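Here the structure is laid out as structure tokens; the discussion comes afterwards.
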């Protein structure tokens, strides 16, 4: 079993075929690759695209886009352990790793053992998918695509979203993601009530027929009115009408409210994903 570091174009072909076998489970990985191939997200030069090969077959893949930790595909345990060995030998110490259960747990335990670090479970998530929307009723307001005039608000809300969903995580500037999506005209959405934006949701471009809903955020003072439900239902239906076969999103397992809301809209669970952290000894 070998870990092969590949350039983006090669990885998109070799690992891409393996990732597309589970297009919902691997949607984030597929989107990371597609956005960089298209130029929507420029390559920084720090990315690493690694494929695991067993004989002539691909059995695992990971994309590392610092400052975030590596993101694994749903590799079998031997492939996940091989990837951990690769990152111990070939990279500076990792601070975290993300991926579906159980692959990420196998990686984390082997990496911590070999690197002399402690593996600490972090944010636990559930991956949901949807193929038909059950729209909510009685939500005041309407959805509209965001425009350039909304950019500063979107960047502000993206930062607030990150503080809520990834407390203590490495700083990530999401303004580039906002700027990449705005020119498309239908990847960033706002829910308006009485003429004012009160909630937002992001869409990814379809990859292998799957569109991901993310960045769902409502300022605290606007919560409790169903605005996020209305926005997510609208963008999900928009994606399906435009040709997607399925929508997907991630929820924080520690937030049962959001999970309940999405299930009401027609989303149903597919798999579990989690983050593992590798704190420095001084931080333990």
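The values are calculated or read from the model by the stated rules, or taken from the named source; none is laboratory data. If you're wondering where the values come from, they're calculated on a predicted model, not measured in any experiment. Counting neighbours? That spans all protein chains shown, and the Cβs are built from the backbone with ideal geometry, glycine included.
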Before we move on, is residue 113 surrounded by fewer than 18 Cβ atoms within 10 Å (Cβ to Cβ) and out of contact with any helix residue (DSSP H, G or I) (no Cβ under 7 Å at 6 or more places or on another chain)?
yes
Return yes when residue 76 is in contact with a strand residue (DSSP E or B) (Cβ under 7 Å, 6 or more places away or on another chain), surrounded by fewer than 18 Cβ atoms within 10 Å (Cβ to Cβ), at pLDDT 95 or above and under 22 Å from residue 248 (Cα atoms) and no when it is not.
no
Filter the stretch 141-155 for residues that are in a loop (DSSP other than H, G, I, E, B) and either surrounded by 16 or more Cβ atoms within 10 Å (Cβ to Cβ) or out of contact with any helix residue (DSSP H, G or I) (no Cβ under 8 Å at 6 or more places or on another chain) (or both) and give the result.
141, 146
Out of (1) farther than 21 Å from residue 176 by Cα; (2) surrounded by fewer than 24 Cβ atoms within 10 Å (Cβ to Cβ), the odd one out for residue 202 is which?
(1)
Given the conditions (1) crowded, with 16+ Cβ neighbours inside 10 Å; (2) at pLDDT 95 or above, which single one is not true for residue 68?
(2)
Given the structure, is residue 196 at pLDDT 95 or above and surrounded by 24 or more Cβ atoms within 10 Å (Cβ to Cβ)?
no
